[in-house]
Amino acid sequence: MAGIFEQLIRSKKQVLFVNHHIQPADTRALELQAAKEILAEVFGAGPEEVEGMIQARIEELKGVY
């Protein structure tokens, strides 16, 4: 069990180190890419379908605001 925690801590430190050198715009691009990958996995969708879902949601929000 301790080995798992050590791996998590070590991997988290590596991620923080890498993120330190990423510009804010790059961070947002990475977050968007991660969100797209999560949506694709959760809904079993392809990249085109995920883009369509996002565009549909943007259009919905335009009508609300």
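Grab the other residues whose beta carbon is less than 11 angstrom from that of residue 39, score K and R as +1, D and E as -1, and report the net. That sum, taken over residues with Cβ under 11 Å, equals -2.
Compared with the alpha-carbon gap, the fully stretched path from residue 59 to residue 38 is longer by 5.5 nm at 0.36 nm per residue. Can you list the residues of the range 35-61 with backbone N under 19 Å from a point 7 Å past the Cα of residue 28, pointing along Cα to Cβ? Flagged as within label range: 35-37, 51, 54-59, 61.
Since every read-out is calculated from the coordinates, none of them should be taken as a lab result. Keep in mind the model is a prediction, meaning the values are calculated, not measured. Neighbour counts run over all protein chains shown; Cβ positions are idealised from the backbone, glycine included.
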